[in-house]
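The values are calculated or read from the model by the stated rules, or taken from the named source; none is laboratory data. Every value quoted in this text rests on a predicted model; they were computed, and no experiment measured them. Here Cβ is always computed from backbone atoms with ideal geometry, including for glycine, and neighbour counts include all displayed protein chains. Heavy atoms of the whole protein, side chains included, go into the accessibility calculation; ligands, DNA and RNA do not. Shrake-Rupley method; radii C 1.70, N 1.55, O 1.52, S 1.80 Å.
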Amino acid sequence: MKGDFAFKELKVWQMSIEFANAILDLVENLNSSFKHYRLVEQIEASSVSISSNIAEGKGRESKKEYIRFLYIARGSLYESISILTLFEKRKWITKEVLERLEKMGIEIVSMLKGLINAIARTL
């Protein structure tokens with residue numbers, strides 16, 4: 001893919017978009033009698049933040065800035081998994097749903113680590 005948005009070519013960005021999409025699908029059908037809007041907003045924000053920080057970092061001036069944004073993306077992923085764990089404990093999602101999303105998260109973390117290491121080697 002040619003163009004100004006080179007981040008779209010990154011597999012980690014693509015998978016992060018899929019992760020956020022899965023979270024958005026999940027919260028639309030959340031099994032809660034209460035509408036814990038703050039938690040829903042928080043997980044929507046943290047899951048979307050993963051791909052957003054990858055994209056923003058790619059558009060920065062320096063490799064050091066890019067790496068910093070990749071670490072922020074990783075932190076947002078950890079935050080998302082933490083909230084999903086709470087959702088499972090409250091029985092708002094099943095253990096299977098949590099495990100499926102954790103598996104996606106593990107793949108994203110691994111790709112982020114690889115990208116961070118690859119960029120760091122060129123500093």
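Computed over protein heavy atoms with a 1.4 Å probe, the carbon and sulfur contribution to the accessible area of the chain reaches 54%.
Looking at region 34-92, the pairs of alpha carbons with a distance over 15 Å make up 52% of the total. Result for the chain in a Gaussian network model with C-alpha springs under 10 Å: among GLU96, GLU79, GLU107, the largest mean-square fluctuation is at GLU96. Every helix of 4 or more DSSP H residues in the chain counts as -39500 (n - 2.57), and over all residues that averages to -27000 deg cm²/dmol at 222 nm. Using a probe of 1.4 angstrom and keeping all protein chains present, the accessible surface of the chain works out to 62 square angstrom per residue. Basic side chains Lys and Arg get +1 at the Cβ, acidic Asp and Glu get -1 at the Cβ, and with that the dipole of the chain about its Cα centre reaches some 380 debye.
Say the cut-off is 22 Å between C-alpha atoms; which of LYS11/LYS91; LYS11/LYS64; LYS11/LYS95; LYS89/LYS113; LYS64/LYS113; LYS64/LYS103 go over it? Long pairs (Cα-Cα over 22 Å): LYS11/LYS91; LYS11/LYS95; LYS89/LYS113; LYS64/LYS103.
Relative contact order of the chain: 28 percent, from C-alpha pairs under 8 Å at least 6 residues apart in sequence. A Cβ-based charge dipole, computed about the Cα centre of region 1-53 with Lys and Arg at +1 and Asp and Glu at -1, lands at about 80 debye. Using only the C-alpha atoms, the convex hull of region 1-53 corresponds to 72 Å³ per residue. Ranked by the mean number of other Cβ atoms within 10 Å of their residues, highest first, the peptides 40-46, 6-12, 116-122 come out as 40-46, 6-12, 116-122. For region 35-73, trypsin sites (Lys or Arg not before Pro) meeting the loop criterion (DSSP other than H, G, I, E, B) and having at most 11 other Cβ atoms within 10 Å: LYS35.
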